[in-house]
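S.K.: The structure under discussion is supplied below as structure tokens; questions concerning it will follow.
The values are calculated or read from the model by the stated rules, or taken from the named source; none is laboratory data. Just so you know, these numbers come straight off a predicted model, no measurement behind them. Note that we place each Cβ from the backbone using ideal geometry, even for glycine, and neighbour counts take in every protein chain shown. Calculation scope for accessible area: heavy atoms of the full protein, side chains included, ligands and nucleic acids excluded. Shrake-Rupley method; radii C 1.70, N 1.55, O 1.52, S 1.80 Å.
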Amino acid sequence: MPRNVVKVVLVLALAVCVPVAAPAFPDKPITLIVPYPAGGATDVVIRPLAEAAGKILGQPVLVENKGGGGGAVGVGAIIGKEPDGYLLSVVVTSLHRVAHINKLAFDTVKDVSPILRVGGYLYGVLVQPDSKYKTLKDLIEQARANPGQVSYMASGIGTGGHIAAEEMAANAGVKFNHLPSKGDQESSAALLGGHVDFISTTSGWIPLVEAGKLKLLATYGEERVKRFPDVPTVREAGYKVVHNSPIGIVGPKGMAPERVKVLHDAFQKALADPGFLKAMASYEMPVLYQNTADFAKFWAEAYVEAGEQVKKFLQP
């Protein structure tokens, strides 16, 4: 065989043997669904986190709002999709309660790939500034005297604000009338318009409180909020309720571990971004990081806990 022919054969053989390098991940924009309307506390803090993570990844992380169903509509949009890491969703533990209350088309644990936990919410009880309810005790006593007549809004059935208010009612031995909304802004608008007696929701209300348009009666945290040192916690007011609903990021079921790690590492680094930290501080929301393994364990355990909460507080 001629020498030049041998060379050609060898080159072709080597070309067959050398594997083609897979394209780097990510090599195109990533979509991160926020399962609540734009302008709420979740949306406001996730946007700078997504921007910071995009800079680390070298590709933009685009936020898309899909509200409704207590978070089920947005998270449902990633279920069954290609688990390639380009479509993600924010999740909140209230999603599990929604799953226990309604028959969802997906399993909130088995049908997602946990990536990491990033933070939690501050919840509060709010009334109009000129409300006859000067303290949380006033509100409770009104409900005691008029069962089912004191109305409130929370951002959907089974959400953190809903379960916290119902747990408080059960602890106090009273009954409220819950009117679910689609998000923080709708709840605040209803209270401003005098359509409900109070709201129980995440801290998108802070600017309204600081502007004197709403009055904060109590918060559901372990301790008082530094920004509102004169406002007691619900527990301080005499009702044994502490509520903090963690926020995480997941992808569709079946994501490759190496892609999960790339995303985890980027979002973990983004937790230190000044813009994200400023947004979290503006809503008094704590950063509550968990790595992939710990968040996966937490997410599965939270489903069980959610079932117990629904049975105890939300079922007749």
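S.K.: Where the centroid of each part is defined by its Cα atoms, how far is the range 231-256 from the range 111-140 in Å?
M.R.: If you average the Cα positions of each part, the centres end up 10 Å apart.
S.K.: Give the residues of the range 167-210 whose amide nitrogen is closer than 11 Å to a point set 7 Å from the Cα of Lys312 in the direction of its Cβ.
M.R.: 167-168, 171
S.K.: Give me the extension gain from Lys81 to Asp230: residue separation times 0.36 nm, minus the current Cα-Cα distance, reported in nm with one decimal. Display every interim value, and only then the final one.
M.R.: Working: separation 149, 0.36 × 149 = 53.64 nm, distance 4.80 nm.
So the extension gain works out to 48.8 nm.
S.K.: A further question on this structure: For the range 181-223, what % of the accessible area comes from carbon and sulfur atoms, probe 1.4 Å?
M.R.: Details: 820 of 1710 Å².
Carbon and sulfur together cover 48 percent of it.
S.K.: Amide H to amide H, which residues 5 or more places from Asn65 or on other chains are under 5 Å from it, using H placed in the peptide plane?
M.R.: Counting only residues 5 or more places away or on other chains, the set is Val34.
S.K.: Starting from the Cα of Lys182, move 7 Å in the Cα-to-Cβ direction to define the label point; list residues of the range 29-60 whose amide nitrogen is under 11 Å from there.
M.R.: 37-38
S.K.: Roughly what would the spin-label model give for Ala272 and Ala293, points 7 Å off Cα along C-beta, in nm?
M.R.: 2.2
S.K.: For Lys66, go through the lysines and keep the ones whose alpha-carbon is under 22 Å away, minus same-chain ones fewer than eight residues off.
M.R.: Reachable lysines: Lys28, Lys81, Lys103, Lys110, Lys182, Lys253.
S.K.: Taking the Cα centre of each part, how many Å lie between the range 193-230 and the range 283-316?
M.R.: Using only Cα atoms to place each centre, the spacing works out to 23 Å.
S.K.: Take the alpha-carbon centre of the range 52-110, take the same for the range 141-165, and report the distance between them in whole Å.
M.R.: Answer, in whole Å: 27.
S.K.: Say R0 is 30 Å: what FRET efficiency, to the nearest 0.05, do Lys28 and Val73 get from their beta-carbon distance? Working shown, then result.
M.R.: Details: r = 25 Å, r/R0 = 0.82.
Working from the Cβ atoms, E equals 0.75.
S.K.: How large are Rg and Dmax for the chain when only the alpha carbon atoms are used, in Å?
M.R.: Rg and Dmax of the chain, Cα atoms, are 23.6, 104 Å.
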